[in-house]
1. How much accessible area per residue does the chain have, counting only protein heavy atoms and a probe of 1.4 Å, in square angstrom?
2. What residue among LYS112, LYS83, LYS126 has the largest mean-square fluctuation in a Gaussian network model of the chain, using Cα springs under 10 Å?
3. For labels at PHE57 and GLU91 in the simple 7 Å Cα→Cβ model, what's the distance in nm?
4. Taking the chain as a Gaussian network, where each spring joins two C-alpha atoms under 10 Å apart, which residue of ILE115, ILE49, ILE63 fluctuates the most?
5. Starting at the first residue of the stretch 38-45, write each ³J(HN,Hα) from the Karplus equation 6.51 cos²θ - 1.76 cosθ + 1.60 with θ = phi - 60°, in whole Hz, x for Gly and Pro.
6. Which residues' amide hydrogens lie under 5 Å from the amide hydrogen of GLY25, considering only partners 5 or more residues apart or on another chain, with H built in the peptide plane?
7. Which shape class, rounded, prolate or oblate, goes with the stretch 1-48 when its Cα gyration tensor gives a ≥ b ≥ c as root eigenvalues, a/c under 1.5 marks rounded, and past that a/b bigger than b/c marks prolate?
8. Given a 1.4 angstrom probe, I'd like the percentage of the accessible area of the chain that is carbon and sulfur, rounded to a whole number.
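The values are calculated or read from the model by the stated rules, or taken from the named source; none is laboratory data. As the structure is a computational prediction, the values presented were derived from the model and not from experiment. Methodologically, a virtual Cβ is constructed for each residue, glycine included, from the backbone with ideal geometry; neighbour enumeration extends over all protein chains shown. Just so you know, the surface numbers come from the protein's heavy atoms only, side chains and all, with ligands and any DNA or RNA stripped out. Shrake-Rupley method; radii C 1.70, N 1.55, O 1.52, S 1.80 Å.
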Amino acid sequence: MAYSAKVMDHFTNPRNVGEIENADGVGTVGNAKCGDIMQMFIKVENNIITDVKFKTFGCGAAIATSSMATELIKGKSIDDALKLTNSAVVEALEGLPPVKVHCSVLAEEAIKSAIADYYKKQGIDKEVEMPCDCHDCACGVEH
């Protein structure tokens, strides 16, 4: 299984690792099939994600997708962060082997879960649409 130089860089030198104390939103997601668990922490000021950190227990691709996803939403508005797709994470990493694309879905899900938690803590009544992680369906979501 060949990984791009970008994937290897984010795996060996992950960005934004750790947790944020008193985070405005925390999202924890996991995939029982592969055993990967991701936790995302966000700090939000004036609707902008000013800081984001992650903790991931999983394979190299899970760590790389978590790292890249945090880089892609840091400094962005909540609305822009909600538009982040797993495909955008894969593209930013210059590709992933097909059997590892589910890691990018998990990264998208972790971010959306953290934003949903932020909404809940702020008393904002907004639904956050989660990506499908069924891996073998005809739902139209790229897996």
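1. Values: 7200 Å² over 143 residues.
In whole numbers, the chain has 50 Å² accessible per residue.
2. Of the options given, LYS126 has the highest mean-square fluctuation.
3. 3.4 nm
4. Highest fluctuation among the options: ILE49.
5. My calculation for the stretch 38-45 gives 10, 10, 10, 10, 10, 10, 10, 9 Hz in order.
6. Amide H neighbours of GLY25, under 5 Å, 5+ apart: ILE42.
7. Details: a/c = 2.80, a/b = 1.53, b/c = 1.83.
Because a/c hits 1.5 or more and a/b fails to exceed b/c, the stretch 1-48 counts as oblate.
8. Numbers: 3590 of 7200 Å².
Within the chain, the accessible surface is 50 percent carbon and sulfur.
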